[in-house]
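Novice: The structure is given below, and queries will be raised subsequently.
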Amino acid sequence: MRRFRLPLTFTLLAALLVACEITVTPVIPPTADYEVNAQGQTTEPTPRRTITVPANGVAVVEVRFPTSGADLMYVEIQPTGSGSGLQLELWNPSGTSRELVSRSDSIFGTSTGVLAAEVGAAASERSSISIGWDCFGPCAARPYRVGASYVRIVNDSSSSRTVRFYAYGLVATDQNEPNDSAAQAARVVATALGSAVTGAIEHVNDRDYFQIECGSGFPYGNLELELASGFGGEIALVVGGTNYREGQTTPILPCGSIVHVRTLDGTAGPSSTSMYSIILR
């Protein structure tokens, strides 16, 4: 009987290998209707393509971003006529997962449920990079990524829509960057009550940290802070794990405290609309 044990062992092993066999399905990128090359770092984006999206239709664009020193990668559409129903979506490099979505020139986010109402009037010109950044229409931005990404332009209206399509790299227009952690906190020196520091939430995972110091002429050893912003997302000033919304005043804090600003709903926007101020009280 012993002589049958070795063949039987191999038979069982073969059966186990067949049972444990794993089928790997390759990831196949979507078929793109258009292919465009993005601009690298620039403050003067130009249209990469003019695209007409049929009524209740979708256009898929494969966008290739070059090596660049830019902080942010932007995709943007500028409608050539009036109307509604346009949605811009940024997808991952394999085209299998949606990362960002926008329906207006002022806000974008991780889901449609948190977006503000559509904005019909597009900006007439780009603003100065030292002031803030405007979009011409629905736009979305994330930290810069070299290589291909996919964009879907969705038209929910009953008529075709034509858009100018932009894709470009941009240096963060928030001059406090990089201040994305407590270790990188931007140092702010308070010299008088009522003074303020300004920043912007330029991508959905942006966290802006500040260390609030008191200057030699500041009359107190502590202070209160208040967040001011007209941004449509749920922006908050975070102090010691507590969120303070726009118009709320923090408890009295000792000079040298570290605080940060973020959004709570997965939104961000071009700096002209996502700007905020921390007012020293």
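Just so you know, all these numbers are worked out from the coordinates, no wet-lab data involved. Source: prediction; values computed, not measured. Note that each Cβ is placed from the backbone with ideal geometry, even for glycine, and that neighbours are counted across all protein chains shown.
Novice: Could you state the number of Å between the C-alpha centres of region 218-251 and region 70-91?
Specialist: 32
Novice: Just how far, in whole angstrom, is region 132-147 from region 188-203 if you go by their alpha carbon centroids?
Specialist: 24
Novice: Would you mind getting me the FRET efficiency between Thr96 and Cys255? Use the beta-carbon distance for r and R0 = 45 Å, nearest 0.05.
Specialist: According to the calculation, E is roughly 0.35.
Novice: Based only on Cα atoms, what Rg/Rh ratio does region 26-76 have, Rh being taken as Kirkwood's radius?
Specialist: With Rh from the inverse mean 1/r over Cα pairs, Rg/Rh is 1.02.
Novice: Pairs of Cα atoms under 8 Å, at least six residues apart: use those to get the relative contact order of region 180-242, whole percent. Let's see the in-between values first.
Specialist: Values: 54 pairs, mean separation 21.6, N = 63.
Value for region 180-242: 34 percent.
Novice: Which of the peptides 251-260, 71-80, 272-281, 88-97 is most tightly packed, and how do the rest follow, going by the mean number of other Cβ atoms within 10 Å of each residue?
Specialist: 71-80, 272-281, 88-97, 251-260
Novice: Quick one: which of 44-57, 157-170 comes out on top by average Cβ neighbours within 10 Å, and what's the full order, highest first?
Specialist: Per-residue mean Cβ counts within 10 Å order the peptides as 157-170, 44-57.
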